[in-house]
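Peer 1: Take a look at this one; I'll ask things after.
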Amino acid sequence: MPSFDEVLKEAGEFGRFQKRVFFLLCQTGITFSFLFAGVVFLGQVPDNYWCRIPGAAELSKRCGWSLEEERNFTVVPLGLRNGSSGGECQRLDVVWDTSASCTSPLARSGNRSMGNLPLTACHDNWVYKQPHSSIVSEYNLVCGNAWMLDLSQAILNLGFLAGAFILGYAADRYGRILIYLLSCLGVGICGIIVAFAPNFTVFLIFRFLQGVFGKGTWMTCYVIVTEIVGSDQRIVGIVIQMFFTLGIMILPGIAYLVPTWQGIQLAISLPNFLFLLYYWVVPESPRWLLTRKKGEKALKIMHNIAKHNGKYLSPHYSEITVSNEEVSNPSFLDLVRTPQMRRNTLILMYAWFTSALIYQGLVMRLGIAGGNLYLDFFISGAVELPAALLILVTIDRIGRRLPFGISNIVAGIACLITAFLPEDIPWLKMTVATLGRLGITMAFEIVYLVNTELYPTTLRNFGVSLCSSLCDLGGIIAPFLLFRLAAIWLELPLIIFSILAIVCGVLVLLLPETKGICLPETVEDVEQLS
């Protein structure tokens, strides 16, 4: 009986059918980038807000003040008391009643001068000129509550982490396309609930769930695409990540056009429901069906692929070799039980962790040019496009391993040089830092491809999901590592990044080269890779 790769070659390794499925699933990269980076616009800190004095709302209504007039009565005296305060986190420790004067409401505050009025910390009752512009103004995530905004992103990354384990396992047990569709439905429903969450607790719960399902859509679509194309076309996984970058570039346009955070949240969540239409056009992975002893269904799908590709399967392709490896529920022990699998798993876990930590750290540190958030964010996405183009140019000529190692080493050296460049040459410092961003972006994109190619079909989705869960752990740690070390010395995080990247660059050179080889079907196939 022919192997799956032999049948795939006969049916067409990247014909019209695969191109259609590939293009459809690429859209998932756009919506996942919205979820991944949306907090930048959902959580914008308002430019103008202040703490309202008790009784001020009633007095303002009685006196017919505008918000600006109320602010003048509230904040200007506070500025006299403390010139550095803008009234955001402190207020005058007074209470206005209905008998207060409309022209001089502080006149009855004892005999104290304006500069000696007592102050108190503000715990609630903030006033925003645009109260629904972001989750910060919606849930009062300012002053002593500002850490809750960071918590919202940490919760999302925690959802990614849980999704990698739960849905990675489910996709290997119940099928790729089923879990993909359920994940799309989950992201859409949770996104709507997040937009209309009555309080911050509900917001966090469903943001976590949105992270769980979002990771399911991203990882599963990536595996489906990789499994239905031939070994020479597996770089399509890199192109999927170009759609992620495209999403990064589209997101600021959406945020610019939509004035409220609820509108932005709905705009980036609702498109996931369109992916449910893929039920009729995207088949189950035939590779996965073979591992579940469903050769008949796999062959039917292969005939359909051949038909759409204008090919014809020979009559002797009435059966496909079914994996003889015993099918069991995947576990972490399966990934470390044999020597080659163990080495691959540990190196890939470190590579995922390092890529995410350095990538997010450099993004937060660079901040591009400052000023216009929408333009800066667009530019930060555009910087990533050359990384994907460099990969596409080199990966089939040189292989996977060398670009993977070199990109990490270049990122590490660039971080090290940036740390010691003087501040009075900002253009050079920015250029070298951007080179580091380019290098780590290449490494981040290559690790997706290599990870998929180094696991057998029975463990592929679980292996990719488990290893990539270290990416989410890196994303959780990155801001804390960056800001804690920067408090000691501004450039210290870059030193740490450079060490991590260079070590990663050396380690990945120990992985087997996968250029031009068939995807391994069993653990034994992986052990034979050199």
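The values are calculated or read from the model by the stated rules, or taken from the named source; none is laboratory data. Nothing here was measured: the structure is a model prediction, and the numbers come from that model. Methodologically, a virtual Cβ is constructed for each residue, glycine included, from the backbone with ideal geometry; neighbour enumeration extends over all protein chains shown. With ligands, DNA and RNA removed, areas are computed over all heavy atoms of the protein, side chains included. Shrake-Rupley method; radii C 1.70, N 1.55, O 1.52, S 1.80 Å.
Peer 1: Going through the stretch 328-344 one residue at a time, which ones are at pLDDT 80 or above and surrounded by 14 or more Cβ atoms within 10 Å (Cβ to Cβ)?
Peer 2: 338, 340, 341, 343, 344 - these are the residues of the stretch 328-344 that are at pLDDT 80 or above and surrounded by 14 or more Cβ atoms within 10 Å (Cβ to Cβ).
Peer 1: Kindly check whether there is at least one residue in the stretch 43-57 that is under 29 Å from the mean Cα position of the chain (by Cα) and either open to solvent by less than 40 Å² (accessible area, probe 1.4 Å) or closer than 17 Å to residue 210 by Cα (or both). Reasoning before the result, please.
Peer 2: To start, the set of residues in the stretch 43-57 that are under 29 Å from the mean Cα position of the chain (by Cα) comprises 43-47.
Retained after the next criterion (residues that are either open to solvent by less than 40 Å² (accessible area, probe 1.4 Å) or closer than 17 Å to residue 210 by Cα (or both)): 43, 46.
Yes, the stretch 43-57 contains a residue that is under 29 Å from the mean Cα position of the chain (by Cα) and either open to solvent by less than 40 Å² (accessible area, probe 1.4 Å) or closer than 17 Å to residue 210 by Cα (or both).
Peer 1: Condition test on residue 69, is it within 29 Å of residue 200 (Cα to Cα), modelled with pLDDT under 75 and not assigned by the TED database to the domain that holds residue 373? So that I can check it myself, show each step before the final result.
Peer 2: Details: within 29 Å of residue 200 (Cα to Cα): no; modelled with pLDDT under 75: yes; not assigned by the TED database to the domain that holds residue 373: yes.
For residue 69, the condition - within 29 Å of residue 200 (Cα to Cα), modelled with pLDDT under 75 and not assigned by the TED database to the domain that holds residue 373 - is not met.
Peer 1: Can you say whether residue 246 is under 17 Å from the mean Cα position of the chain (by Cα) and open to solvent by 40 Å² or more (accessible area, probe 1.4 Å), as far as the supplied structure shows?
Peer 2: Numbers: under 17 Å from the mean Cα position of the chain (by Cα): yes; open to solvent by 40 Å² or more (accessible area, probe 1.4 Å): yes.
Yes: the conditions hold for residue 246.
Peer 1: Within the stretch 346-355, is there a residue that is modelled with pLDDT under 80 and within 30 Å of residue 168 (Cα to Cα)? Give the steps one after another, and end with the answer.
Peer 2: We begin by selecting, within the stretch 346-355, every residue modelled with pLDDT under 80; these are none.
No, every residue in the stretch 346-355 fails to be modelled with pLDDT under 80 and within 30 Å of residue 168 (Cα to Cα).
Peer 1: Note down all Cβ pairs under 7 Å where the first residue falls in the stretch 5-18 and is at negative phi, the second is among the polar types (S, T, N, Q), and they're at least six residues apart or on different chains.
Peer 2: Filtered contacts from the stretch 5-18: 10/314; 11/309; 13/233; 14/233; 15/309; 16/309; 17/309.
Peer 1: A further question follows. Look at the stretch 144-172 and say how many of its residues are open to solvent by less than 40 Å² (accessible area, probe 1.4 Å), farther than 30 Å from residue 458 by Cβ and among the hydrophobic types (A, V, I, L, M, F, W, C).
Peer 2: 4
Quick grid of which residues meet (1) under 23 Å from residue 259 (Cβ atoms); (2) without any contact (Cβ under 8 Å) to a residue 60 or more places away in the chain:
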| position | (1), (2) |
| --- | --- |
| 122 | no, no |
| 125 | no, no |
| 135 | yes, no |
| 138 | yes, no |
| 149 | yes, no |
| 153 | yes, no |
| 166 | no, yes |
| 169 | no, no |
| 186 | no, yes |
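Peer 1: I've got another one for you. Residues in the stretch 416-438: is at least one part of a helix (DSSP H, G or I), closer than 30 Å to residue 213 by Cα and in contact (Cβ under 8 Å) with a residue 24 or more places away in the chain?
Peer 2: Filtering the stretch 416-438 for residues part of a helix (DSSP H, G or I) gives 416-420, 426-438.
Among the residues that remain, those that are also closer than 30 Å to residue 213 by Cα are: 437-438.
With the extra rule that they be in contact (Cβ under 8 Å) with a residue 24 or more places away in the chain, the set shrinks to 437-438.
Looking for residues that are part of a helix (DSSP H, G or I), closer than 30 Å to residue 213 by Cα and in contact (Cβ under 8 Å) with a residue 24 or more places away in the chain, one finds at least one in the stretch 416-438, hence yes.
Peer 1: Let me ask you something else. What's the number of the only condition in (1) over 30 Å from residue 285 (Cβ atoms); (2) at pLDDT 80 or above; (3) buried (at least 22 other Cβ atoms within 10 Å of the Cβ) that residue 463 fails to meet?
Peer 2: Failing condition for residue 463: (1).
Peer 1: Same structure again: Within the stretch 484-520, restricting attention to residues that are among the aliphatic types (A, V, I, L, M) and in a loop (DSSP other than H, G, I, E, B), which residue is farthest from residue 447 (Cα to Cα)? It would help to see each step written out before you state the result.
Peer 2: Within the stretch 484-520, the first condition is being among the aliphatic types (A, V, I, L, M), and the residues that meet it are 485-488, 490, 492, 494-496, 499-503, 506-511, 517, 519.
Narrowing further to those that are in a loop (DSSP other than H, G, I, E, B): 490, 509-511, 517, 519.
Working: 490: 29, 509: 12, 510: 14, 511: 11, 517: 17, 519: 16 Å.
Result: 490.
Peer 1: Tell me the residue from 379, 358 that is open to solvent by 60 Å² or more (accessible area, probe 1.4 Å), among the β-branched types (Val, Ile, Thr) and under 23 Å from the mean Cα position of the chain (by Cα), please.
Peer 2: Of the residues listed, the single one that is open to solvent by 60 Å² or more (accessible area, probe 1.4 Å), among the β-branched types (Val, Ile, Thr) and under 23 Å from the mean Cα position of the chain (by Cα) is 379.
Peer 1: With β-branched (Val, Ile, Thr), closer than 30 Å to residue 513 by Cβ and surrounded by 23 or more Cβ atoms within 10 Å (Cβ to Cβ) as the only criterion, which of 440, 417, 413 stands out? So that I can check it myself, show each step before the final result.
Peer 2: Values: 417 fails: surrounded by 23 or more Cβ atoms within 10 Å (Cβ to Cβ); 413 fails: surrounded by 23 or more Cβ atoms within 10 Å (Cβ to Cβ).
From the options 440, 417, 413, the qualifying one is 440.
Peer 1: Hey, another quick one. Any residue at all in the stretch 233-256 that is free of Cβ contacts under 8 Å to residues at least 24 places away in the same chain and either touching a His at 6+ places or on another chain (Cβ under 7 Å) or not β-branched (Val, Ile, Thr) (or both)?
Peer 2: No.
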